[in-house]
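> Can you keep this structure in mind? I'll have questions shortly.
The values are calculated or read from the model by the stated rules, or taken from the named source; none is laboratory data. Keep in mind that what you see is a predicted model, and the values were worked out from it rather than measured. A quick note on method: Cβ atoms are made from the backbone with ideal geometry, for glycine too, and the neighbour counts reach across all protein chains shown. Heavy atoms of the whole protein, side chains included, go into the accessibility calculation; ligands, DNA and RNA do not. Shrake-Rupley method; radii C 1.70, N 1.55, O 1.52, S 1.80 Å.
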Amino acid sequence: MELIWEGMAQALRLILTGDPEVLGITWLSLQVSGVATGISLLVGIPLGSLIALTRFAGRSFVVSLINTGMGLPPVVVGLFVSIFLWRSGPLGFLELLYTPTAIVIAQFVIAAPIVTGLTLAAVQQIPPQFRLQMLALGASRVQLVWMLLREARLPMLAAVMAGFGGVISEGGASMMVGGNIRGQTRVLTTATVLETGKGNFDLAIALSVLLLVITFLVNWALTWIQQRRRPS
Amino acid sequence: MRRSRCRAGALLLLLALAGSPAAAQPSVVILATTTSTQDSGLLDVLVPLFEKRSGYTLKTIAVGTGQALVLGARGEADVVLVHAPELEAKYMAEGKLLNRRLVMYNDFVLAGPAEDPAGVRAVKKAVEAFRLVARSGSRFVSRGDNSGTHTLERRLWKLAGVEPKGAWYIESGQGMGATLVIANDRNGYTLSDRATHLAFQRRLKLAILLEGDRPLVNLYSVLEASPSNGPRVNAAGGKAFASFLVSAEAQAVIKTFGVEKYGRSLFVPVAGIRFLGGGLRPPSEPPPEIAPAGYPRRRRGWALEGRIPSHDQR
């Protein structure tokens, strides 16, 4: 118990003194997970909407794949992304392993199915009458999709939160493809693993607290956006 | 409207990341090493010094010794710093890793519950102690992760003529620190390197029950990846780091590292030792003057058991 208070006190100290190393690690965590979530949105929202609005052979198989992907274990993603990025791997010539870009790639693989799956569910739950009505009012295809996305924006913000929350709190894949290199690819989760390994439990707790606070703040901001125009 | 703003934000972040040094240049050297060198904090001191001296950027990947050797042999790493002489010999023989040079040593200790149910305090030999642990059915926590420590542990079981199996034998599958914590929790024995035991001492009830036996010498070596391991191996960079580790400057840093925090050094520098035909000769200049009690003394002389390929180096 004493250890937890020590950790809390140290977390506060680190935040208040603005320790440059901890700030760097925190910033990289935010940057990497933010970019990975951003790209997942760019891919996942159109893809999820497309699958939600079309009917094709093998559709339920694709949906099952996406739903499975929503629960992809980060270490499995880490292993496969590592193999692809290895010097001897198919993408080895890019020399991306042990760079922040490698972490972004792995986190994108983790977040994209989450965003796609939740978008799919969000768009699909809009009653079909809404679509018919829009078409009857003379909406073009683009306008229709736009209106549907507007209609589904609340659950889709949940997709953003789930995607971001999933990747910023993930440590296994970041460790494997990033390598936890000081000053280059060390993020909050991998730094926590390292400090635990070193026996610096108070610092590890401090980093965990920092991670939780940041995740909370981001989710708070998104929730605020989500809830402020809620029709009452 | 809001969505487009969100998208613009994502693009901005993407640009910010693209601006940071992402792709590796040939000036990047990848070091695969055992976790103990990183967890002790030694590399945090040595790496910046190397980068300043050589102009290379070094990426340290801390994994178990077994994995570090595989990464080096596959050409995924340019240089390895490891501590499993037997395994190293295998990769040397295959020509995957070259130019093995000794860097430093410290020692392993057998830690266990202070009550010592197996009675290993009474013996001086690690092999006998292992036999006693097995015979009394006392709990033993193994790392089980193919690390350097695990490799030595398996060798000691073999020498003791014991097949470690059964309810008393636990494999943690984790690093040294976590394994010590489990041993502490379960009142078990475990083999640990001294540096990690020191780092965790504050939080553990585990006592050091046996130390100073010759097989417990924990010898760290640096090996360079063969350029033939793959087209992207940075052999020159690997050699530069290996040479740096055995340089007078790095050896001086190793000699005093840890004194400030623990009141004793964690590693004893031993670069320049020649080892010939299976034996390890003591260094011409005795380093252990600042070594903690229990470290092998020069006057006793010490050698690695088992055969090491004869290999000469400057």
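> Within the range B:94-115, can one find any residue that is assigned to a helix (DSSP H, G or I), in contact with a Lys or Arg (Cβ under 9 Å, 6 or more places away or on another chain), closer than 22 Å to B:F241 by Cα and not small (G, A, S)?
No: the range B:94-115 contains no residue that is assigned to a helix (DSSP H, G or I), in contact with a Lys or Arg (Cβ under 9 Å, 6 or more places away or on another chain), closer than 22 Å to B:F241 by Cα and not small (G, A, S).
> Here's something else I'd like to know. Return the pair list, or none, for Cβ contacts closer than 6 Å from residues in the range B:52-69 that are within 11 Å of chain A (Cβ to nearest Cβ) and farther than 22 Å from B:E88 by Cα to residues that are outside any helix (DSSP H, G or I) and open to solvent by 10 Å² or more (accessible area, probe 1.4 Å), at least 6 apart or on different chains.
Matching pairs, first to second residue: B:T57/B:S27; B:T57/B:V28.
> Within the range B:175-195, work out how many residues are β-branched (V, I, T), open to solvent by less than 10 Å² (accessible area, probe 1.4 Å) and within 13 Å of chain A (Cβ to nearest Cβ). First the steps, then the outcome.
From the range B:175-195, those β-branched (V, I, T) are B:179, B:181-182, B:190; that's our starting set.
Still in the list and also open to solvent by less than 10 Å² (accessible area, probe 1.4 Å): B:179, B:190.
Next, only the ones that are within 13 Å of chain A (Cβ to nearest Cβ) stay: B:179.
Of the residues in the range B:175-195, 1 are β-branched (V, I, T), open to solvent by less than 10 Å² (accessible area, probe 1.4 Å) and within 13 Å of chain A (Cβ to nearest Cβ).
> For the range B:109-116, indicate whether the set of residues that are away from every other protein chain (no Cβ under 14 Å) and more than 30 Å from A:E195 (Cβ to Cβ) is non-empty.
yes
> Select from the range B:156-173 the residues that are of a type outside the set (S, T, Y), assigned to a loop (DSSP other than H, G, I, E, B) and surrounded by 18 or more Cβ atoms within 10 Å (Cβ to Cβ) and list them in ascending order.
Once the filter is applied, which keeps residues that are of a type outside the set (S, T, Y), assigned to a loop (DSSP other than H, G, I, E, B) and surrounded by 18 or more Cβ atoms within 10 Å (Cβ to Cβ), the range B:156-173 yields only B:P164.
> For A:S64, are the conditions met, namely being at negative phi, open to solvent by 50 Å² or more (accessible area, probe 1.4 Å) and of a type in the set (S, T, N, Q)?
Numbers: at negative phi: yes; open to solvent by 50 Å² or more (accessible area, probe 1.4 Å): yes; of a type in the set (S, T, N, Q): yes.
Taking the combined requirement at face value, the residue satisfies it.
> From the list A:Q124, A:Q129, which residue is free of Cβ contacts under 8 Å to residues at least 24 places away in the same chain, over 30 Å from B:V70 (Cα atoms) and open to solvent by 50 Å² or more (accessible area, probe 1.4 Å)?
Just a single option satisfies the conditions, and that option is A:Q129.
> Which one of A:V32, A:V75, A:V22 is more than 16 Å from the chain's Cα centre (by Cα) and either of a type outside the set (S, T, N, Q) or surrounded by fewer than 19 Cβ atoms within 10 Å (Cβ to Cβ) (or both)?
A:V22
> Something else: Which residue is farthest from the other protein chains (Cβ to nearest Cβ), if the candidates are limited to the range A:177-205 and must be open to solvent by 20 Å² or more (accessible area, probe 1.4 Å) and within 14 Å of A:G24 (Cβ to Cβ)?
In this case the residue turns out to be A:G183.
> Moving on to the next point. Taking into account only those residues within the range B:108-128 that are over 21 Å from B:H150 (Cβ atoms) and of a type in the set (A, V, I, L, M), which is least open to solvent (accessible area, probe 1.4 Å)?
B:V123
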